[in-house]
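**Student:** Pasting a structure here, questions to come.
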Amino acid sequence: HFLDLLLFKTAANLKAEVSRYYLNYLWWVIEPALLMAVFYVIFGVVLDMRTEHFAAFLLTGLTFWNWFNRTVSNASGSILTGGRLMLQVDIPKAFFPLEVFFRDGFKHLFVVGLLLLFLVFYPTPVYATWLTLPLLLLVQGAFVLAVSIFCAALVPFVPDLRYVISTAMTLLFFGSGIFFDIEGVVLPEHAHLLFLNPMAGLVKSYRDILVYGQYPDWFYILKVLLFSI
């Protein structure tokens, strides 16, 4: 019954969300596409970043960062806001961040599809390494879920942590190499410090398999998975 209720609640919230917009489901693609366009104009055109295949480089980083950022931000207050329902129904607290995870994960699949379509027409080949994308998605999914549940569990005790989490997400954004190559900007002896942030390593891994046709560091990926578990 827990899984049935989770899927029903996820579907209901998705339906309620799109019903508020004239373009309905198209907003799941339009919103991230507009955000990507803004970042590309700023960093690719105005600041003229010289990174090879910068459009693909930037869009790949933003796509998978946004999944992490949106889910953790939405899930952090989910148990707190679900308090009234918990008073009416005997329901595990993990239900609320899990529902956010499923909802945002479902929308993320549409954005991933849009990214792959862009990369097909972008002047880089379609590599065999793309076949490892589902594996990376599963590992990142485990990491996103772990951080989401952890934050959601802390916020009811100290509600002001929501603002701390928001600030921390901004810091992680700039430390994840979304619009710059960590290994090309940071001194080699310091780069490993940034890769202590799992999102930095995951973003690099996505770029390796989708943009550069290289297999990621599977030992690093395994460490992220074990940390998430």
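The values are calculated or read from the model by the stated rules, or taken from the named source; none is laboratory data. Just so you know, these numbers come straight off a predicted model, no measurement behind them. Heads up, the Cβs are rebuilt from the backbone with ideal geometry, glycines too, and the neighbour counts pull from every protein chain shown. For accessibility, only protein heavy atoms count, side chains too; no ligands or nucleic acids. Shrake-Rupley method; radii C 1.70, N 1.55, O 1.52, S 1.80 Å.
**Student:** Taking segment 210-229, which residues are part of a helix (DSSP H, G or I) and either polar (S, T, N, Q) or surrounded by 13 or more Cβ atoms within 10 Å (Cβ to Cβ) (or both)?
**Tutor:** LEU210, TYR220, ILE221, LYS223, VAL224, LEU225, SER228
**Student:** Looking at VAL211, VAL224, VAL164, which one is within 19 Å of ASN69 (Cα to Cα), of a type in the set (Val, Ile, Thr) and in contact with a helix residue (DSSP H, G or I) (Cβ under 6 Å, 6 or more places away or on another chain)?
**Tutor:** Criteria check complete, one pass: VAL224.
**Student:** Here's another thing I want to ask about it. Would you please name the residue that is least open to solvent (accessible area, probe 1.4 Å), looking only at residues in segment 155-170 that are without any contact (Cβ under 8 Å) to a residue 24 or more places away in the chain and not hydroxyl-bearing (Ser, Thr, Tyr)?
**Tutor:** Filtering first and then ranking leaves ALA168.
**Student:** Which condition from (1) of a type in the set (Val, Ile, Thr); (2) modelled with pLDDT under 95; (3) buried (at least 20 other Cβ atoms within 10 Å of the Cβ); (4) under 18 Å from SER78 (Cβ atoms) is the one that ILE178 breaks?
**Tutor:** Here ILE178 clears every test but (4).
**Student:** Checking THR51 against (1) in a loop (DSSP other than H, G, I, E, B); (2) of a type in the set (Val, Ile, Thr); (3) modelled with pLDDT under 85; (4) open to solvent by 50 Å² or more (accessible area, probe 1.4 Å): exactly one of these is not met. Which one?
**Tutor:** Among (1) in a loop (DSSP other than H, G, I, E, B); (2) of a type in the set (Val, Ile, Thr); (3) modelled with pLDDT under 85; (4) open to solvent by 50 Å² or more (accessible area, probe 1.4 Å), the lone unmet condition for THR51 is (4).
**Student:** Enumerate the pairs (first residue in segment 190-210 and at pLDDT 90 or above; second residue anywhere and open to solvent by 10 Å² or more (accessible area, probe 1.4 Å) and small (Gly, Ala, Ser)) with beta-carbon separation below 6 Å, excluding pairs fewer than 6 apart on the same chain, so at least 6 apart or on different chains.
**Tutor:** Sorted first by the residue in segment 190-210, then by its partner, the pairs are ASN197/GLY175.
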